1. Given R₀ = 25 Å, what would the calculated FRET efficiency be for E66 paired with D12, taking r from the Cβ atoms and rounding to 0.05?
2. Just order 189-201, 11-23 by mean Cβ neighbour count inside 10 Å, highest at the front, would you?
3. Restricting to lysines 8 or more places apart or on different chains, can you count the pairs in region 1-122 with Cα atoms under 18 Å from each other?
4. Which order, highest average first, do 106-114, 30-38, 86-94 follow once you tally other Cβ atoms within 10 Å for each residue and take the mean per peptide?
5. To the nearest 20 debye, what is the magnitude of the charge dipole of the chain about its Cα centre, counting +1 on the Cβ of each Lys and Arg and -1 on the Cβ of each Asp and Glu?
6. Only helical DSSP H runs with n ≥ 4 go in: add -39500 (n - 2.57) per run for the chain, normalise by residue count and round the 222 nm mean residue ellipticity to 500 deg cm²/dmol.
7. Any idea how far the Cα center of region 154-180 sits from the one of region 53-76, in Å?
8. Add +1 for every Lys or Arg and -1 for every Asp or Glu among the other residues with Cβ under 12 Å from the Cβ of D171, and state the total.
Amino acid sequence: MLTAGPTHEKIDPVRFIGNYSSGKMGYAIAEELASRGAEVTLISGPTQLTVSHPAIKKISVVSAKEMYQTSIDHFDHMDAAIMAAAVADYAPAECAPQKIKRNGEDMTIRLVPNPDIAASLGKKKQGQVLVGFALETNNAVENAHKKLEKKNLDFVVLNSLEHKGAGFQTDTNIISIIDRQGDKKDFPLKSKVEVAKDIVDHLETILL
Ligand code: PMT
């Protein structure tokens with residue numbers, strides 16, 4: 001199972017809080033898994049991307065809450081989950097029923113926390129493998145270690161916006177894989193298609 005892409009958190013019928021994820025990283029992993037014989041469930045936030053391999057079943061969602069519920073509904077039957085989506089940590093407390101009109105004054109939108117999907121899946125069954133990403137802008141390695149622990153991940157894929165060519169929207173990425181033994185493997189700049197192979201290679205060392 002894969003999560004990929006951004007989530008959109010509605011403010012009113014015409015506006016949302018989102019992020020810059022294109023879905024390219026997650027979709028590349030889904031295609032790589034399918035090409036190696038896996039049956040893949042891809043839970044995707046709003047993207048322009050389509051899937052090509054017939055073994056990928058795509059489920060489209062919009063908000064973090066929808067992504068959470070869909071992930072919970074499917075994870076039980078999965079051997080592994082890779083959480084590549086950029087999930088909004090907060091959503092507006094309410095979605096206004098009509099377009100909010102400008103009145104010239106300051107406006108405050110109250111945000112409430114979204115569920116942490118990866119952390120919830122971290123209460124996994126024995127034998128299930130959970131892989132998370134860490135997207136960082138500072139203290140990258142330290143923060144990635146914290147996510148590995150907090151979300152009970154088997155390994156974490158760190159990508160940092162400190163590196164040119166890594167992260168959102170690009171066709172390339174620069175990753176490090178950090179595992180539960182504390183080992184850190186650094187990879188050079190590669191296309192997301194090649195990065196997906198490195199991630200699936202590492203997953204195979206645990207699963208097979
Ligand atoms: O989609 P692209 O444009 O190709 O960009 C790829 C990417 C940068 C989005 C991708 O490589 C990536 O880093 N995805 C994770 C982005 C992220 O939200 O990271 P985070 O460090 O905030 O979250 C840590 C982990 O928890 C992630 O696995 C995330 O999916 C998961 N999470 C976070 C919040 C939440 N509420 N639920 C979650 O499951």
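Rule-based calculations on the coordinates, nothing more; no lab input. Not measured: the values here are computed from a predicted model. Cβ sites come from the backbone with ideal geometry, for glycine too, and all protein chains shown count toward neighbours.
1. Efficiency for this residue pair is about 0.90.
2. By packing density, highest mean first, the sequence is 189-201, 11-23.
3. 5
4. So the peptides 106-114, 30-38, 86-94, ranked by packing, come out 30-38, 86-94, 106-114.
5. Roughly 380 debye for the chain.
6. Estimated from H runs of four or more residues: -8000 deg cm²/dmol.
7. Comparing the Cα centres of region 154-180 and region 53-76, I get a distance of 23 Å.
8. Residues close to D171 contribute a combined charge of +2.
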